[in-house]
Structure formats: C-alpha cells, structure tokens
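Student: One structure, as structure tokens, below. Some questions next.
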Amino acid sequence: MRIAVLVPCRNEGRVIARKLRNLLALRWPQASAAAPHAVLVVDDGSEDDTAAQAAAFAPAYADAGILLVVLRNVERPGKVGAMRAGLARCGSGYDLVVLSDADVVLESQSLTALAQAFECDPRLGMACAAQRFVVDLADDGSCRSRDLLPLRDAGGRYDRWTALVRRLESRRGLLFSVHGQCLAWRASLGLLPRDGLAADDLDLMLQVRTLGLRVELVPEAVFVEQKTPAGAARDAQALRRARAYVQVVRRTPAADRTTFARLQSACYRRLPLSAPALAAALLLGIPLACALAGGATAALLALGVELLLVASGPGWSLARLLVTIARAMAHERTSTQPDRWEMARA
C-alpha cells in the first residue's frame, strides 16, 4: 500500500526534527520509485523555524525513496485547515492516509502493521495505533528515553482502563475513541475534517461509521507520547480535549446502522455529559437518604465514607475528571473551542 503521512504543525520547532528522524527510520511497505510513499508536513502559520527544519530533511528522505513535502496551510487557520491543505496536496494516488502529531514517535513496525490490517480486511475503513505514555523521549527519534536508555512508562490507571475498553470495542469494529496522534484511513473514502470541530479525529471516525465500515485499533502499531507532567499544563490540555469532545458529540448526529452501535454511541454521547450532575446528586442524595432513614449519625457516617472515597487515589482522579467535564460544558455554552492551539514542548 502506498502511504501518505500527514503531519500538521504549528510552532513545533522543538519536536519536528525528532518526528522526521523517527519517520525516516521506520519500516515502510514496499513502494516503487515511480510511486513513492510521502510525508507531508503542513505548517499552520508557525512563528518559529518549523518549516525550515522540516525542509532540511528533504535530501535524506529522497535518498530513502520517500517524498517529503513541506507546505504552508492555505486553507483557514487551524488544524482542520492544515489537514485539508495536506489532503488536497495528496491527491488520489495513495492508498492510506496516516495522520500523526509532531510530538509523538512511532515504533518501527507501526506503518507496516497498519498497512497489513487494511490489506487483510476490505471492510476496514479506519484504524489507529495503540498509545504508550512515557516520561520522556530521546531527541534522535528513537523509542528511547532522553538519556538514551529504555523508555520509562508513565501510563496510569485511567490510561490502562481506557486502553482495555478500546481493545474490546475494536473486536466488533466499533472503536469510538480513536487516537488522532496516529490515525489511518483509506484515501479512497475522501474524508475531510469539518470546520468548527476541534476533535477532528472523532469527526473523521463518525464519518467512517456513517459509511458502515469498521473502525479498529491495531495493537501491533504503537505510538509513544511523552506525558505532560501534572500541573497547570496538563489541566489545560485535559480541559481542551474535554471541550473538543463536548463539541463533537453535541454537533454531530448519530448515524449508526446496528442496534449495538446505536447503544454504544448513545452511551458516549450522554453518559459523560450527564456524569457530573449524577455524581453531585449521589453525593448529596445518599447522606440525605441516610438522614431520613437513620438520623444525623447515619448521615454523618455516609458523608465520612464519601469523603474517604473521594480522597482515595481512584476517587480523586474521578472527581478531577468530572470537574473537567463540567467545566468543559460550561465553557462550550458561552464560547467555542477553536481548532487552532499549540502545546508547550518540554
């Protein structure tokens, strides 16, 4: 399969060289000299040297038989516009489009594993790689830590639980929460992200499901992402992602064809958005019910148990998640999350 890797960028001068070293070192499916694979770096109005750094890799890519194209976003500003500009430049000569963020690196077999998955199943319309969180990454594009030692895992309990859910959904070809950091689809589908939706990966996934095609996770394909340290930056990132999620589930109508798919879609669309209100009702309702049934002592005991549960590790993580969802819904009621943003790179 002939692959076009799309890398939208804005002020990614800190990581773009690492990204291009990584892509250059991957194993790619066989391609002819007349129809090579391509990497398209789309610069979305960067104010740093992202484009210049990327262009410097053109000779190395040419030596490897891969076409490297660096272009500027001529569509509307933002990631959606950058993606549309890159897809327009791809044309119709490719079998797979692989969207990949500038700050992640892929394990060496990832592209060949994705290509094989599409070759083996003509019903597969979209697939994403598995996510691995680490403490830090080497600058040379390899899957090693910054000190060139083996990677140090940084995934938490929530990451492991959501990874299990994704694998279970993938077995039915109904993966919902796809990873936009490494997302592949058949170029023949002509997918285009829609304006006004910051969660471009979920938007594209819903378009594929509308066509009745399978959406899966390919566990043999892995992207490695440096986890943002706890603090204000991680909180801002979580809020941005939550707002993007709220946007897409509120604005995109469901068009699933099977009963199971419709049930799954309803759960994703309704449960997260109603969870903060339900949790608040339970926190207040249980002590009140205990007070009515057993008096003040029972109410205080129930309240104490609730405080212990919230103070525990899992309880505190869940509470933070619910607060983030509530804040995201409040923000989206007054303004719209733009699809143009940039992350501070360590």
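Student: Please count how many residues of the stretch 168-203 are closer than 17 Å to Pro338 by Cα and part of a helix (DSSP H, G or I).
Tutor: Just the residues of the stretch 168-203 that are closer than 17 Å to Pro338 by Cα, to begin with: 180, 193-203.
From what's left, part of a helix (DSSP H, G or I): 200-203.
Count: 4.
Student: Hey, can you tell me all the residues within the stretch 209-247 that are part of a helix (DSSP H, G or I) and crowded, with 20+ Cβ neighbours inside 10 Å? Don't jump to the end; show me each part of the working.
Tutor: Just the residues of the stretch 209-247 that are part of a helix (DSSP H, G or I), to begin with: 209-210, 232-247.
Result: Arg209, Ala242, Arg243, Ala244, Tyr245, Val246, Gln247.
Student: Also, I was wondering about something else. Just to be sure, is Arg257 charged (D, E, K, R) and in a helix (DSSP H, G or I)?
Tutor: no
Student: Scan the stretch 292-315 and tell me whether some residue there is more than 28 Å from Ala102 (Cβ to Cβ), outside the structural domain of Lys79 (by TED's automatic domain parsing), touching a residue at least 40 places away in the same chain (Cβ under 8 Å) and assigned to a helix (DSSP H, G or I). Break it down stepwise before answering.
Tutor: The initial filter retains those residues of the stretch 292-315 that are more than 28 Å from Ala102 (Cβ to Cβ), namely 292-315.
Among the residues that remain, those that are also outside the structural domain of Lys79 (by TED's automatic domain parsing) are: 292-315.
Now restrict to residues that are touching a residue at least 40 places away in the same chain (Cβ under 8 Å): 313-314.
Then drop every residue that is not assigned to a helix (DSSP H, G or I), which leaves 313-314.
Looking through the stretch 292-315, at least one residue is more than 28 Å from Ala102 (Cβ to Cβ), outside the structural domain of Lys79 (by TED's automatic domain parsing), touching a residue at least 40 places away in the same chain (Cβ under 8 Å) and assigned to a helix (DSSP H, G or I).
Student: Of the conditions (1) buried (at least 21 other Cβ atoms within 10 Å of the Cβ); (2) in a loop (DSSP other than H, G, I, E, B), Ser46 satisfies every one except a single condition; which number is it?
Tutor: (1)
Student: So Gln109 fits all but one of (1) polar (S, T, N, Q); (2) under 17 Å from the mean Cα position of the chain (by Cα); (3) closer than 17 Å to Leu23 by Cα; what number is the exception?
Tutor: That leaves (2) as the condition not met.
Student: Select from the stretch 58-77 the residues that are more than 26 Å from the chain's Cα centre (by Cα) and touching a residue at least 24 places away in the same chain (Cβ under 8 Å) and write down the one among them that is surrounded by the most Cβ atoms within 10 Å (Cβ to Cβ).
Tutor: Among residues in the stretch 58-77 that are more than 26 Å from the chain's Cα centre (by Cα) and touching a residue at least 24 places away in the same chain (Cβ under 8 Å), the one surrounded by the most Cβ atoms within 10 Å (Cβ to Cβ) is Tyr61.
The values are calculated or read from the model by the stated rules, or taken from the named source; none is laboratory data. Fair warning: this is a prediction, and the values are worked out from it, not measured in the lab. Heads up, the Cβs are rebuilt from the backbone with ideal geometry, glycines too, and the neighbour counts pull from every protein chain shown.
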